[in-house]
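In what follows, a structure is listed as structure tokens, so that the remarks can point back to it.
The values are calculated or read from the model by the stated rules, or taken from the named source; none is laboratory data. Predicted model only: the values in this text are computed from it and were never measured. All Cβ positions, even for glycine, are placed from backbone atoms using ideal geometry, and neighbour counts span all protein chains on display.
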């Protein structure tokens with residue numbers, strides 16, 4: 001049982017959206033919802049009714065059309081929610097489009113660069129949507145971005161989804177190969193591309209890489225170049241391109257008339273991290289995304305009408321999607337480009353005070369850095385507007401929970417959350433009406449029957465195992481792009497246990513109902529909240545002449561994590577400073593800076609399974625001092641001793 005570091009006051013609980021929802025459920029169904037556990041139990045035992053009530057309470061704009069809420073509810077793969085409903089994703093996010101209130105604040109490393117009202121945002125979206133239609137983009141077509149987290153990324157997404165097309169984006173720090181591996185699979189007709197990005201006080205050009213990307217995407221019919229670092233007049237020529245103003249300027253900004261599409265009409269393609277070959281293209285539907293995000297924002301993080309929300313994220317991470325949908329809950333958003341910790345680790349608190357932000361999402365490593373530096377934001381800042389701080393992406397150490405309440409704010413909600421790209425939602429989330437315990441995600445999210453299975457497929461509490469879901473949920477992916485027979489989808493999530501979603505996280509549910517995620521149970525790296533595909537690293541490393549083969553894993557160290565690349569060299573090669581620099585440069589240039597390992601070490605052999613596959617799982621177990629769970633499946637188990645010795649030295 002984790003130490004209780006916060007218990008909400010009664011008056012706090014009774015002011016929350018989740019409390020109002022619980023009271024509504026109690027009155028409607030004649031039940032007594034006393035606490036979160038009661039509400040969660042209702043959401044599982046009355047799952048169909050629960051999602052119908054969420055639609056109504058959270059205020060989704062659309063036509064239910066008297067549809068059954070769930071069809072084929074006994075099948076995890078075939079279940080469909082609101083199968084006759086119609087809605088438009090962008091219409092929901094632009095619900096305040098006639099208002100002069102501020103919708104978007106754009107911030108970059110200490111400076112507010114732009115502000116947009118709801119009326120201004122709608123006008124920009126209207127012009128770009130009409131420009132896309134004039135360019136021949138139709139419902140179901142793909143529109144892509146190679147963009148940092150700037151307002152134009154939001155505008156392009158809203159314009160795309162307003163006309164029923166599908167949006168997909170890669171952040172501007174990805175290398176050419178990584179972008180082409182993703183976007184070439186979905187054949188976009190239009191690409192929005194910024195001229196660069198900012199990070200840690202430096203400007204990074206993106207047009208050189210962008211030209212190569214344009215040449216590699218043979219499906220493109222139009223390229224729209226967005227001036228960010230330069231003025232529009234200074235933009236260099238990109239083949240088959242128009243500037244942002246040239247593309248959208250000729251079109252009217254009159255309010256759009258939104259066409260409504262089926263609940264499961266595809267709205268986003270998100271990408272897995274490329275663990276085994278090319279990244280999978282996960283297709284998500286408009287309705288499932290909306291209903292999950294509105295539930296999470298309003299009930300788990302108590303986002304209320306008029307609140308302001310900030311999340312530090314790149315445009316290509318699923319957290320970006322969870323930020324922009326806050327607009328659908330009558331909130332405004334703060335878009336942040338660059339580093340959350342530049343020029344100082346506590347810079348974000350300057351922004352919170354200046355802009356009166358209510359709900360803030362930060363990377364867990366920011367909390368760790370504040371604690372390490374001995375900073376006390378509650379003494380240096382007011383933070384009177386801050387009511388919820390969210391840390392997502394990796395596990396937050398128990399001592400950092402204690403630090404948050406001692407040195408950031410004493411009476412507010414601190415919540416870590418866990419879900420992911422696969423479900424565009426959370427399995428574990430915040431709880432505004434119950435205690436926060438050190439080291440634990442507070443609760444399993446409403447409507448999500450997440451459990452922990454042991455090796456015998458039995459649900460367990462207080463033990464580590466596989467995180468699974470055994471009840472359908474509305475944000476399950478519609479499929480993988482190009483996976484017409486559904487084989488890859490089945491293999492990814494349903495092949496381990498029949499009719500059970502296997503998420504790929506190694507976790508435990510505590511006796512108090514909290515969730516602890518210990519890491520990925522598959523080969524995906526998760527280094528300080530950034531998911532990294534090992535295949536993308538191998539692809540670059542093994543192109544280096546001196547390297548025979550390699551294995552990369554994440555090592556947890558005192559609440560944080562680091563990536564270690566082990567290389568087996570060809571005969572006569574030496575892992576000297578020059579070769580290490582060569583490896584780092586190659587990965588940085590052709591994958592991204594985030595893919596560069598923290599440590600590079602040489603080994604004489606690498607463990608492999610009987611069929612010759614490198615076993616990352618075995619290496620990860622050994623460097624953490626655990627017996628290798630798959631030792632019996634290895635053709636060369638003696639090689640594990642090399643990794644154990646090296647990890648002790650470093």
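Summary of values
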quantity	calculated
Failed item in (1) farther than 26 Å from residue 163 by Cα; (2) crowded, with 24+ Cβ neighbours inside 10 Å, with residue 286 passing the rest	(1)
Lone unmet requirement of (1) closer than 25 Å to residue 267 by Cα; (2) within 21 Å of the chain's Cα centre (by Cα); (3) surrounded by 24 or more Cβ atoms within 10 Å (Cβ to Cβ) for residue 197	(1)
Residue match in the range 435-442 (condition: under 18 Å from the mean Cα position of the chain (by Cα) and buried (at least 24 other Cβ atoms within 10 Å of the Cβ))	yes
Residue in the range 112-127 that is modelled with pLDDT under 95 and either buried (at least 21 other Cβ atoms within 10 Å of the Cβ) or in a strand (DSSP E or B) (or both) present	yes
Qualifying position, being modelled with pLDDT of 95 or more, crowded, with 21+ Cβ neighbours inside 10 Å and touching a strand residue (DSSP E or B) at 6+ places or on another chain (Cβ under 6 Å), among 537, 509	509
Meets criteria (modelled with pLDDT of 95 or more, over 20 Å from residue 146 (Cβ atoms), touching a helix residue (DSSP H, G or I) at 6+ places or on another chain (Cβ under 6 Å) and not assigned by TED's automatic domain parsing to the domain that holds residue 149) for residue 302	yes
So residue 580, is it in contact with a helix residue (DSSP H, G or I) (Cβ under 6 Å, 6 or more places away or on another chain) and modelled with pLDDT of 80 or more	no
Only listed residue being surrounded by fewer than 19 Cβ atoms within 10 Å (Cβ to Cβ), more than 26 Å from the chain's Cα centre (by Cα) and in a helix (DSSP H, G or I), chosen from 67, 26	26
Scan of the range 70-80 for residues that are closer than 23 Å to residue 299 by Cβ and in a loop (DSSP other than H, G, I, E, B), ordered by number	73, 79
Which listed residue is closer than 19 Å to residue 590 by Cα, out of contact with any strand residue (DSSP E or B) (no Cβ under 8 Å at 6 or more places or on another chain) and at pLDDT 95 or above, from 252, 184, 177	184
Residues located in the range 414-461, provided they are in contact with a strand residue (DSSP E or B) (Cβ under 6 Å, 6 or more places away or on another chain), outside any loop (DSSP other than H, G, I, E, B) and under 13 Å from residue 475 (Cα atoms)	419, 425, 426, 427
